[in-house]
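The values are calculated or read from the model by the stated rules, or taken from the named source; none is laboratory data. In this text, all values refer to a predicted model and were calculated from it rather than measured experimentally. Cβ placement follows ideal geometry from the backbone for every residue including glycine, while neighbour counts extend to all protein chains displayed.
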């Protein structure tokens, strides 16, 4: 008679929906760890996933051995360093897929177009197509900024629970990039409510004086992503906003479909 552990291993290896169940469970645990802020205990994973502790312990032991998870001195588990390389490669690919859509934004709005992701507590820019204007905005791909002073940051945080946003702001602080930057958590939460009401976010001289940015989230993106246009306040005016926002929303919807199909435009 086979041992109970062998039976469990065989059950975990049984394909589920054409896949390998143990792999599906391992990736599910990694995603749950990311959702929890990157560090969890086994009991927390068991409660959220519904898997028994012995199963989680076996999966985590394998992930630790591969470098995708590390065990902390306090016995909790944290996302491991090997995930960084995978994430960076995926971000570059995501930026490559986004470029044709950003090019359309530049063509239709005349302003620099960006794509950004929420990576932990920071915003990271993964793609840009510059405006053809002599005076234009430029944000280096790979640049990291805090979300409270950016349009893409507001767009990405708008649907997060207020307590999560407050916790993030508590970790990062709210340093002022300009005199227009929101530095009060309550005012920032009010701004996020306005994003939800309007369907888009605005950075009005908050990251850089003289620059106005409009941003929308990419719906149903596999990771939290937003696209934006930015330009001088004289060109990205209130009147221009009414014309630009529908283009942003349409391009975001098209990009969402392309990402779901996992193929470039």
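Does residue 138 count as assigned by TED's automatic domain parsing to the domain that holds residue 235, at pLDDT below 95 and in contact with a helix residue (DSSP H, G or I) (Cβ under 7 Å, 6 or more places away or on another chain)? Criteria not met by residue 138. When region 157-187 is filtered for residues that are over 15 Å from residue 203 (Cα atoms), within 21 Å of the chain's Cα centre (by Cα) and not in a loop (DSSP other than H, G, I, E, B), the ones remaining, listed by number, are 162, 163, 164, 165, 166, 167, 168, 169, 170, 171, 172, 185.
Scanning region 71-104 for residues that are surrounded by 15 or more Cβ atoms within 10 Å (Cβ to Cβ) and touching a helix residue (DSSP H, G or I) at 6+ places or on another chain (Cβ under 7 Å), we see that the one that is modelled with the lowest pLDDT is 97. On inspection, residue 65 fails the criterion of being at pLDDT below 85 and out of contact with any helix residue (DSSP H, G or I) (no Cβ under 7 Å at 6 or more places or on another chain).
Just to be sure before I move on: is residue 214 assigned to a helix (DSSP H, G or I), surrounded by 14 or more Cβ atoms within 10 Å (Cβ to Cβ) and in contact with a helix residue (DSSP H, G or I) (Cβ under 9 Å, 6 or more places away or on another chain) in the structure I sent? It is false that residue 214 is assigned to a helix (DSSP H, G or I), surrounded by 14 or more Cβ atoms within 10 Å (Cβ to Cβ) and in contact with a helix residue (DSSP H, G or I) (Cβ under 9 Å, 6 or more places away or on another chain).
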